[in-house]
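S.K.: Below is the structure I would like to discuss, written out as structure tokens.
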Amino acid sequence: MIQRSRSTIAAVCCAGLLAVSGCALGDATTEPEPTSEPKPSGLANFDTCSFFTPADLNVVEASGPGEPVEQVSFEPGCTFEGPDNLLTLYKNQDETVASYETGGNWDSYQKFDINGRAAATGISPGATGHGLCNILLDAGGGVAIVSITKIMPEATYDDCGLAEKVARQIEPRLPR
């Protein structure tokens with residue numbers, strides 16, 4: 001088994017985050033412009049590091065505790081390491097599945113729904129076939145993003161299928 005250092009995992013995780021935020025929305029350093037109307041705060045207290053249950057983590061054979069991911073202030077998340085991948089849960093209070101489709105930059109963006117909730121599979125530019133898949137779900141007036149990043153190149157699972165499995169499992173507990 002290949003030994004992975006925390007810095008290697010952080011780099012992979014950051015690459016996954018930037019694939020979601022930076023590539024999908026443009027410049028990762030740009031903060032969203034403030035608006036005069038307050039946004040719903042359904043995700044304001046949503047803690048991405050404490051949300052997953054042991055059963056959720058077991059889907060990808062991951063364990064906790066998670067490591068906070070905060071390189072992009074408007075899209076914080078938390079990463080959990082499994083033997084072959086990283087499972088990351090992000091939140092974004094300012095975007096939705098619909099706004100990511102129209103305002104994002106994707107190799108592929110396919111909308112669907114999970115129990116009547118808007119969802120999408122998003123593959124960031126250049127990530128097709130490289131073991132990074134995002135499932136976006138409308139939640140709490142914003143969006144929750146389940147991301148799977150392969151860290152073991154020989155892993156043979158379907159990264160989008162695995163991300164969708166996790167998303168379907170957590171969907172009933174996400175804020176409306």
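The values are calculated or read from the model by the stated rules, or taken from the named source; none is laboratory data. Note that this is a predicted model, so its numbers are computed, not measured. Backbone-built Cβ (ideal geometry, glycine too); neighbour counts: all protein chains shown. These accessible areas exclude ligands, DNA and RNA; they are computed on the full protein's heavy atoms, side chains included. Shrake-Rupley method; radii C 1.70, N 1.55, O 1.52, S 1.80 Å.
S.K.: For the list (1) open to solvent by 50 Å² or more (accessible area, probe 1.4 Å); (2) under 22 Å from Ser99 (Cα atoms), I need the number of the one condition that Gln169 fails.
M.R.: (2)
S.K.: While we're on this one: Within the range 111-120, is even one residue crowded, with 21+ Cβ neighbours inside 10 Å, modelled with pLDDT of 95 or more, over 23 Å from Glu154 (Cβ atoms) and touching a strand residue (DSSP E or B) at 6+ places or on another chain (Cβ under 6 Å)?
M.R.: Checked the range 111-120: at least one residue is crowded, with 21+ Cβ neighbours inside 10 Å, modelled with pLDDT of 95 or more, over 23 Å from Glu154 (Cβ atoms) and touching a strand residue (DSSP E or B) at 6+ places or on another chain (Cβ under 6 Å).
S.K.: Scanning the range 121-156 for residues that are over 17 Å from Ala62 (Cα atoms) and of a type in the set (D, E, K, R), which turns out modelled with the highest pLDDT?
M.R.: Asp138
S.K.: Then there is this: Is it true that Glu75 is touching a strand residue (DSSP E or B) at 6+ places or on another chain (Cβ under 9 Å), crowded, with 20+ Cβ neighbours inside 10 Å and closer than 27 Å to Arg176 by Cβ?
M.R.: So Glu75 fits the description; yes.
S.K.: So is Ser63 at pLDDT 95 or above, open to solvent by 60 Å² or more (accessible area, probe 1.4 Å) and within 20 Å of Glu164 (Cα to Cα) or not?
M.R.: no
S.K.: Does any residue of the range 90-100 turn out to be at pLDDT below 95, in a helix (DSSP H, G or I) and at negative phi?
M.R.: Yes: one or more hits.
S.K.: Here's another thing I want to ask about it. Restricting attention to the range 124-165, and to residues there that are of a type in the set (Val, Ile, Thr) and within 11 Å of the chain's Cα centre (by Cα), which single residue is nearest to Trp106 (Cα to Cα)?
M.R.: This residue is Ile135.
S.K.: Further question: Consider the range 121-161. How many of its residues are open to solvent by 30 Å² or more (accessible area, probe 1.4 Å) and in a strand (DSSP E or B)?
M.R.: Residues meeting the conditions: 2.
S.K.: How do the pairs read when you match residues in the range 113-130 that are within 12 Å of Ala167 (Cβ to Cβ) with residues anywhere that are of a type in the set (Gly, Ala, Ser), using Cβ under 6 Å and keeping only pairs 6 or more apart or on different chains?
M.R.: These pairs meet every condition: Asp113/Ala119.
S.K.: Another one. Sort out which residues of the range 141-157 are of a type in the set (Gly, Ala, Ser) and touching a strand residue (DSSP E or B) at 6+ places or on another chain (Cβ under 8 Å), and write them in order of number.
M.R.: Of everything in the range 141-157, those that are of a type in the set (Gly, Ala, Ser) and touching a strand residue (DSSP E or B) at 6+ places or on another chain (Cβ under 8 Å) turn out to be Gly142, Ala144, Ser147, Ala155.
S.K.: Can you confirm whether the range 83-98 contains a residue that is of a type in the set (Gly, Ala, Ser) and under 15 Å from the mean Cα position of the chain (by Cα)?
M.R.: No: zero hits.
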